[in-house]
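These notes concern the structure reproduced below.
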Amino acid sequence: MQNEEQLTQQHLEEANKVVAEYLKGNDPTQISKELAIPRKRVTALISEWQAMASDNAAIRARAKEALVAADTHYGHLIKKAYEVIDEATTVGNLGAKNNGIKLVLDIESRRIEMLQKAGLLENKELAEEMIEIERKQEVLKEILKDVASEHPEIRDKIMRRLAEVSNQGEAVTVVHSV
């Protein structure tokens with residue numbers, strides 16, 4: 001009996017260590033290396049914990065609260081990024097405006113990814129959201145191209161940065177107005 005209790009205690013301690021690392025964002029391979037536990041065992045412990053957590057109403061409620069808080073936080077960050085864009089526009093700081101636009105795109109992408117991982121976006125909703133994000137990206141690219149055309153002193157920097165974030169094989173061109 002005492003041997004069973006020790007095994008159960010060891011199992012729980014091992015599972016707690018694995019889950020703690022998993023919640024930090026480490027993948028099973030990293031956890032396996034760090035804790036010197038076979039990867040197969042790590043994935044089994046994570047699956048066991050996920051099953052237990054999904055069956056527990058209190059844990060599900062806490063997860064929903066955390067998701068709502070994170071979504072609200074993303075909304076706040078996006079609002080602040082737009083304030084930066086507005087301020088940069090007012091003072092004519094095109095570099096800051098460019099960075100602000102990219103920041104909004106990045107935050108929105110992360111928000112969608114988080115919601116998708118949480119299972120809150122069905123495929124149809126996700127597809128619609130992705131289409132909208134792609135549309136906004138195209139509009140933002142056009143704005144940046146227009147700004148580059150109007151301000152040749154920063155054109156090369158904008159084009160280089162656009163090329164970095166554009167799909168490979170997609171050419172970014174600027175038509176110079178003379």
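What to note about this one:
- Fraction of alpha-carbon pairs over 12 Å apart in the stretch 1-53 - percent: 63 percent
- ³J(HN,Hα) computed for each position of the stretch 24-29 - Karplus, 6.51 cos²θ - 1.76 cosθ + 1.60, integer Hz, glycine/proline x: 6, x, 6, 8, x, 5
- Residues Glu48, Glu5 in ascending order of nearby Cβ atoms (within 10 Å, fewest first): Glu5, Glu48.
- Evaluating 6.51 cos²θ - 1.76 cosθ + 1.60 at θ = phi - 60° for every residue in the stretch 10-19, the Karplus couplings come out as 4, 4, 5, 5, 5, 4, 4, 5, 5, 5 Hz, glycine and proline recorded as x.
- Here Ile101, Ile112 are placed in order of increasing Cβ neighbour count within 10 Å, fewest first, which gives Ile112, Ile101.
- Applied to the stretch 69-82, the Karplus parametrisation 6.51 cos²θ - 1.76 cosθ + 1.60 on θ = phi - 60° returns per-residue 3J(HN,Hα) values of 4, 5, 4, 4, 5, 4, x, 5, 5, 5, 4, 5, 5, 5 Hz, with x for Gly and Pro.
- Cα-Cα over 19 Å, subset of Lys80/Lys157; Lys80/Lys145; Lys97/Lys157: Lys80/Lys157; Lys80/Lys145
Just so you know, all these numbers are worked out from the coordinates, no wet-lab data involved. Note that this is a predicted model, so its numbers are computed, not measured. Positions of Cβ are generated from backbone atoms using ideal geometry, with glycine treated the same way; all protein chains shown enter the neighbour counts.
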